[in-house]
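Input: a single structure, listed below in structure tokens.
The values are calculated or read from the model by the stated rules, or taken from the named source; none is laboratory data. None of the values given here were measured: they were computed from a predicted structure. Glycine gets a Cβ as well: all are built from the backbone with ideal geometry, and neighbour counts include every protein chain shown. Please note that ligands, DNA and RNA were not included when accessible areas were found on the heavy atoms of the full protein model with its side chains. Shrake-Rupley method; radii C 1.70, N 1.55, O 1.52, S 1.80 Å.
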Amino acid sequence: MSLSRGRDEEMYLTSEARDLRVASLVTSFNEDPEMVETTLISVIEATRGRGDVYLLDDSTNINISRELRSFCYTHNVTYVHREDRKGFKAGAINNVLRSLRGYDVIAIFDADQRPKRNFFDDVLQYFSDPDVAMVQVPQTYSESPTLVAKGSTYKQEPFLRLIMRGRNRRSAFSLGSGSVFRLSALREVNFFDEESITEDAATTIRLYQRGYKVVYVDTPLIWYGEPPKDASGFISQQTRWALGYFQLLKNLLRSNLKAKVFFDFVSGFFYWLKEGPLALIELIAPSVFLLSGLPL
């Protein structure tokens, strides 16, 4: 299902936006080196002439680290490896951002999310508006070899195609990959939130509190992605997202967000409440009544 861009989204790449300097960050943790290397090649092509590529590799497997380091050396990619995993993904990104100089925007890609060559042609134009702190594109999951992977992919479609499109310039948020941030805006909010599992959404809330806008561009600018392939991976993914949203509630209640932004994020909390604890109760309750002999 594809939706064309509305008239309000028609913009042009101004000379100011065209000259923005880009740092593309690829994050990796014990991923298949071949997959990471293929992603890096895509990121290199998309970033060419606009900036530089960094691999933030937190891998604990020394063989993976050694291979990726070698690949980066031969392809002019800056390889960054930490001895500890403080802050996990957010910590790895912040570790680089705090010393990054000479760039205007940073783009973040997971190890399996590969941008098309025209990625920045489509994205940078929105930064012509100084109030735009971030641009997000939909993630893609093209590698679905199992029924669980296919189900996971289909489950994401309504969110990516409808919900996030409706939240464009209203309450859209970073999805953790395919996100492009104005670096100066990130500095204002002290970079990424390392206390939340869903650091992407938590950091976006900080940007909204500063009065910034977030643009969601429903355009297929990512051409590859791998969803969870088995039930264990799917449950782990959904649990992480749910827990992250529960963690956000405290921040939301203390925030000074506009009402429409606040309620959009709170609705996400109730979604995960329904999909998590309440769904579990719905599954258990019939068995409890049947086994206990209580009348229904």
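Against the empirical 2.2 N^0.38 Å scaling, what ratio does the C-alpha Rg of the chain come to?
Details: Rg = 20.0 Å, N = 296, 2.2 N^0.38 = 19.1 Å.
Ratio of Cα Rg to 2.2 N^0.38 Å: 1.05.
For region 22-105, what is the percent of antiparallel DSSP beta bridges, rounded to the nearest 5?
On the way: 0 of 12 bridges.
Rounded to the nearest five, the antiparallel share is 0 percent.
In terms of Cα atoms, the Rg and Dmax of region 87-176 work out to 15.4, 45 Å. Scanning residues 5 or more positions from G51 or on other chains, those with amide H under 5 Å from its amide H are V22, with H placed 1.01 Å from N in the peptide plane. With contacts taken as Cα pairs under 8 Å at a separation of at least 6 residues, the chain carries a relative contact order of 20 percent. The apolar share of the surface of the chain, taken as the fraction of accessible area on carbon and sulfur atoms (1.4 Å probe, ligands and nucleic acids excluded), comes to 55 percent.
The residues of the chain present an accessible area of 50 Å² per residue when probed at 1.4 Å with all protein chains retained.
Can you work out the base-10 log of I(q)/I(0) for region 132-224 at q = 0.12, 0.16, 0.22 1/Å, using the Debye formula on its C-alpha atoms alone? Scattering profile of region 132-224, log10 relative to I(0): -0.40, -0.67, -1.08. If both residues of a DSSP beta bridge must be in the chain, then about 30% of such bridges are antiparallel. Helical content of the chain, expressed as a calculated mean residue ellipticity at 222 nm, amounts to -13500 deg cm²/dmol (DSSP H runs of 4 or more residues, -39,500 (n - 2.57) each, divided by residue number, nearest 500).
Once both axes come from the Cα atoms, what is the angle between helix 279-292 and the longest principal axis of the chain, in degrees from 0 to 90, rounded to 10? That works out to roughly 20 degrees. Please work out the Cα center distance from region 247-296 to region 33-48, rounded to the nearest Å. Using only Cα atoms, the two centres lie 39 Å from each other.
Of all DSSP beta bridges confined to region 100-251, the antiparallel ones make up roughly 65%. Checked against a 25 Å cut-off, the cross-linked pairs K89/K274; K250/K274; K86/K258; K155/K250 give Cα-Cα distances beyond that limit for K89/K274; K86/K258; K155/K250.
About its Cα centre, what dipole magnitude does the chain give when the only charges are +1 on Lys and Arg Cβ and -1 on Asp and Glu Cβ, stated in debye to the nearest 20?
Values: 36 positive and 37 negative charges, 167 e Å.
Result for the chain is approximately 800 debye, rounded to the nearest 20.
3J(HN,Hα) couplings calculated from phi for region 145-160 with the Karplus curve 6.51 cos²θ - 1.76 cosθ + 1.60 (θ = phi - 60°) are, in sequence order, x, 10, 5, 4, 5, 5, x, 4, 5, 5, 4, 7, 4, x, 5, 6 Hz; Gly and Pro show x. Computed from Cα atoms, the angle from the helix 199-209 axis to the main principal axis of the chain rounds to 80 degrees. Quantify how much of the Cα-Cα distance distribution of region 35-83 extends past 15 Å, in percent. That tail contains 40 percent of the Cα-Cα pairs. Between L100, L243, L25, the Gaussian network model of the chain with springs among Cα atoms under 10 angstrom shows the greatest mean-square fluctuation at L100.
Can you check what the net charge comes to around A259, using other residues whose Cβ is under 15 Å from the Cβ of A259 (Lys, Arg +1; Asp, Glu -1)?
Values: positive: R167, R170, K258, K260; negative: D264.
That sum, taken over residues with Cβ under 15 Å, equals +3.
When Rg and the Kirkwood Rh are both derived from Cα coordinates, the Rg/Rh ratio for region 124-281 amounts to 0.96. Largest first, the extents of the alpha carbon coordinates of region 192-271 on the three principal axes equal 40, 29, 23 Å. Rank I44, I281, I108 by mean-square fluctuation in a GNM of the chain with C-alpha springs under 10 angstrom and give only the top-ranked residue. Maximum fluctuation in the GNM of the chain, among the listed residues, is at I281. If R0 equals 41 Å, the separation of the Cβ atoms of E83 and S184 corresponds to a calculated FRET efficiency of about 0.90.
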